[in-house]
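The values are calculated or read from the model by the stated rules, or taken from the named source; none is laboratory data. These numbers come from a predicted model, not from an experiment. Virtual Cβ from ideal backbone geometry, glycine too; neighbours counted across all protein chains shown.
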Amino acid sequence: MSKADIFNRIRGGLHVPSDDSARRAAVQARLDARKRNLIPQRAQLPADELLRLFIDMADEAAAELIELHSAAELAGAIENWAQENGIAHLVTASDEQINNLEWSGNGTLVREERVAQVGDEASLTSAFCGIAETGTLMLYSGEESPTTLNFLPDTHLVVLRASTIVGPYEDAWQMLRQATGGSMPRTVNLITGPSRSADIEQKLQMGAHGPRRLVIFLLHGE
Amino acid sequence: MQIKSPEFKQNARIALEDVNLQRALGNLKAGFPQKRAAAVARLPEFDQLRDEARDLKNHILEHLDLYLEEFEKNVVANGGTVHWCRTAEDARKTILEICQDQDAKTVTKGKSMVTEEIDLNDYLEKNGVTPVETDLGEYILQLREDHPSHIIAPAIHLNIEDVADAFHEHHKRPKSNDPAHLMREAREMLRKHFVAADVGITGANFLVAETGSTIICTNEGNGDLTQTLPKTHIVVSSIEKVVPTLEDMTLFLRLLARSATGQEFTVYNTLSSGPRRPGDQDGPENFHVVLVDNGRSDMVGSEFQEMLRCIRCSACMNHCPVYGAVGGHSYGWVYPGPMGSVLTPQMVGIENAGLLPNASTFCGKCEEVCPVRIPLPKLMRHWRDKEYEKHLSPTSVRSGLSVWSFFATRPKLYRLFASVGNRFLRLKAGKKGRTSKLPLASAWTDHRDMPAPSGKTFMQQWKEQNR
Ligand code: SF4
């Protein structure tokens, strides 16, 4: 049996004594404490500076950012964006924030709530939070937020509330544990800018297999 | 993959004469080291993080069995299955069985060095399952029936003409030498494979014990499509990748991208925790983690334990003058550069890879940049000692390979050369820190810049350390 064999070799190598309660206690303590390791100063700033940092880092990662004063502006801003970019079709998640959007229906934008398929032009999802340290979005899967929306379409539109922006990744893990009652969602996606590759002669090309464009609608206020 | 490490000398000589390879390697040397340096300069805490990462890895290795147990428990709680594989063959068979259970015809693959290590693709192919590599670099290599020459930039040894030719031949489309065009073409070609695949296989950068999660760090998004669209997701990972908590994983994530590509963060860092949940509209229905040992458990408690700290960032090879001169294929097996020179003898036997720990100028640059502070030159020396004990090193093999080893087999001459040469090199290199002409050694300097020694010679240091 491979597992026993592997474990015997590891334990033999480590000279584990027959009573290894001290090792077990050390492991349990580490797992329970969820101790934070060193967090860079950069991620420990006052809220307004964190917001600035998020915007700068997201920009550096080649994400596009559209800032809005309130949720009321969101549907209109997305419709305008679609029109300006010649996008006729949008697949969306079905979470509360997106369900509550009041679409004007004035343009020609067709919306569908479903998983993504090959050929989809654009998708719209909600971010769980933003991480200022590197301009990163955290999203996770659930009944209302299929994962394919984050990866298959050519353009990924994401709604991010400025009030959910945290400094370091560690704060995001803590928020996630609170939001999900401690159980991990099937998948958690940390996304920093659009897809890219430098596999051909180390020359960076944007838009490899994931979205070619990542557009963040950043909502200030409530 | 056939082991060609015993031919290192011939491989290296051919590589040095290969004009196209030398052009391609120029892209590496012009890119990674500067980008890493810039990213490190932006994070004042970088060296402190390295210390913490080294200490944490040491803690993990001292408790490796227990963290693996916790990881398995939580994968099962999430609805997944863990398979333990002692050997490469065990792993191949296990993966094939999972594929056959699903009646799989094709599998898509994200980038995974462990699947290279266990030679998975050939095996699947021979058993009627078609693997399709989806990472752009790996895809190019698969079309060319080639292998990676670098652990994160697998096609670094190729020039754009090579890619253009391969695409033209296989895609039957007009030839283009425009990288953007070539990438669009690959994107289009691979879409149908992503949706048609029955199984998706990815590697893992880390395994999180606390949550039973695996994580992949990619820039392209191919790994995400690979693991989200097919009915079954198989994660293939080596056992030393386990970390206690999400917080601990985060420590390594801060180091990984900066050390590897010089990015602040990789574009997609994706955690997978089991199969699709009730109500989920997408995601795999089956989730398997194949844990591969393949010699690693034997390194625990040995003089090579520190090598298990490796997070596969590639910084050591990106900064290695030997790798930069001869490229990854010269090393003759899966893992090239300094980390490969330590790992390969463990995995394929020192009798097959004894030349690799000699393929070094012992300049120390690898250890200097390693994010988990692995003393790579020291570990290479351990292998040299072992090889010596076993009388496995014919002197003829060493001579001519490098000026260094030529002199190393003649201790007196070497000491003389090294102490004179050391001073001479420092003088000659001046501020640049590198010199491109060196008397007595034109066979060496014709092909590479000799890095200027940073202080005492290896022998001087060796003596001092062993006092
Ligand atoms: S040995 Fe160190 S530098 Fe080399 S790949 Fe591993 S972690 Fe990176």
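Summed over the range B:205-218, the residues that are under 18 Å from the mean Cα position of the chain (by Cα) and within 11 Å of another protein chain (Cβ to nearest Cβ) give a count of 4. Among the residues making up the range B:219-250, a single one is under 17 Å from the mean Cα position of the chain (by Cα), in a helix (DSSP H, G or I) and among the β-branched types (V, I, T): B:I239. All but one of (1) over 30 Å from B:A91 (Cα atoms); (2) within 8 Å of chain B (Cβ to nearest Cβ) hold for A:D59; which doesn't? Evaluating A:D59 over (1) over 30 Å from B:A91 (Cα atoms); (2) within 8 Å of chain B (Cβ to nearest Cβ) leaves (2) as the failure.
Going by the structure shown, is A:I98 more than 30 Å from B:E247 (Cα to Cα), modelled with pLDDT under 95 and of a type in the set (A, V, I, L, M, F, W, C)? Yes: the conditions hold for A:I98. The residue list A:L157, A:L176, A:L149 contains one member that is part of a strand (DSSP E or B) and under 13 Å from the mean Cα position of the chain (by Cα), which is A:L157. Applying the criterion of being more than 16 Å from the ligand (Cβ to nearest atom) and facing chain A (nearest Cβ under 8 Å) to the residues of the range B:292-318, the residue that is surrounded by the fewest Cβ atoms within 10 Å (Cβ to Cβ) is B:S302. Selection of the range B:340-361 for residues being within 14 Å of the ligand (Cβ to nearest atom) and either within 14 Å of another protein chain (Cβ to nearest Cβ) or surrounded by fewer than 24 Cβ atoms within 10 Å (Cβ to Cβ) (or both) yields only B:Q346.
Residues checked against (1) in contact with a strand residue (DSSP E or B) (Cβ under 9 Å, 6 or more places away or on another chain); (2) over 24 Å from A:G210 (Cα atoms); (3) among the acidic types (D, E); (4) within 11 Å of chain A (Cβ to nearest Cβ):
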residue	(1), (2), (3), (4)
B:L68	yes, yes, no, yes
B:T87	yes, yes, no, yes
B:N127	no, yes, no, no
B:E138	yes, no, yes, yes
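Here B:A88, B:A77 are screened, and the one residue that is in contact (Cβ under 8 Å) with a residue 12 or more places away in the chain, surrounded by fewer than 22 Cβ atoms within 10 Å (Cβ to Cβ) and under 20 Å from B:Q2 (Cα atoms) is B:A88. Scanning the range A:128-140 for residues that are within 15 Å of A:S163 (Cβ to Cβ) and surrounded by fewer than 24 Cβ atoms within 10 Å (Cβ to Cβ) yields a total of 3.
Only one residue in B:G337, B:G332, B:G364 is touching a residue at least 24 places away in the same chain (Cβ under 8 Å), near the ligand (Cβ under 10 Å from one of its atoms) and away from chain A (no Cβ under 14 Å). Which one?
B:G337
Can you say whether B:G279 is within 14 Å of chain A (Cβ to nearest Cβ) and at pLDDT below 95, as far as the supplied structure shows? Taking the combined requirement at face value, the residue satisfies it.
Assigned by TED's automatic domain parsing to the domain that holds B:P154, surrounded by 24 or more Cβ atoms within 10 Å (Cβ to Cβ) and within 18 Å of the chain's Cα centre (by Cα): does that describe B:R258?
On the way: assigned by TED's automatic domain parsing to the domain that holds B:P154: yes; surrounded by 24 or more Cβ atoms within 10 Å (Cβ to Cβ): yes; within 18 Å of the chain's Cα centre (by Cα): yes.
Criteria met by B:R258.
Okay, residues lined up against (1) under 24 Å from B:E69 (Cβ atoms); (2) of a type in the set (G, A, S):
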| residue | (1), (2) |
| --- | --- |
| A:N8 | yes, no |
| A:G12 | yes, yes |
| A:A29 | yes, yes |
| A:R42 | no, no |
| A:H69 | no, no |
| A:S94 | no, yes |
| A:N106 | no, no |
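B:R373 fulfils the conditions (1) within 15 Å of the ligand (Cβ to nearest atom); (2) assigned to a helix (DSSP H, G or I); (3) surrounded by fewer than 23 Cβ atoms within 10 Å (Cβ to Cβ) except for a single criterion, (2).
Taking every residue in the range B:251-264 that is facing chain A (nearest Cβ under 8 Å) and outside any loop (DSSP other than H, G, I, E, B) and pairing it with any residue that is crowded, with 22+ Cβ neighbours inside 10 Å and at pLDDT below 95, at least 6 positions away or on another chain, yields no pair with a Cβ-Cβ distance below 9 Å. Only a single item in (1) within 16 Å of the ligand (Cβ to nearest atom); (2) assigned to a loop (DSSP other than H, G, I, E, B); (3) among the small types (G, A, S) is not met by B:G279, and it is number (1).
Scanning the range B:25-45 for residues being at pLDDT 95 or above and at the interface with chain A (Cβ under 9 Å from one of its Cβ atoms) gives a total of 4. Of the residues making up the range B:249-270, those that are within 20 Å of B:A53 (Cα to Cα) and more than 16 Å from the ligand (Cβ to nearest atom) number 4. Among the residues of the range A:141-166, not one is surrounded by fewer than 22 Cβ atoms within 10 Å (Cβ to Cβ) and of a type in the set (F, W, Y).
I'd like the full set of residues that are facing chain B (nearest Cβ under 9 Å) and surrounded by fewer than 22 Cβ atoms within 10 Å (Cβ to Cβ), limited to the range A:175-184. Of everything in the range A:175-184, those that are facing chain B (nearest Cβ under 9 Å) and surrounded by fewer than 22 Cβ atoms within 10 Å (Cβ to Cβ) turn out to be A:L176, A:R177, A:S183.
Residues of the range B:94-112 being surrounded by fewer than 16 Cβ atoms within 10 Å (Cβ to Cβ) and charged (D, E, K, R), which ones? Residues satisfying the conditions are B:E97, B:D101, B:D103, B:K105.
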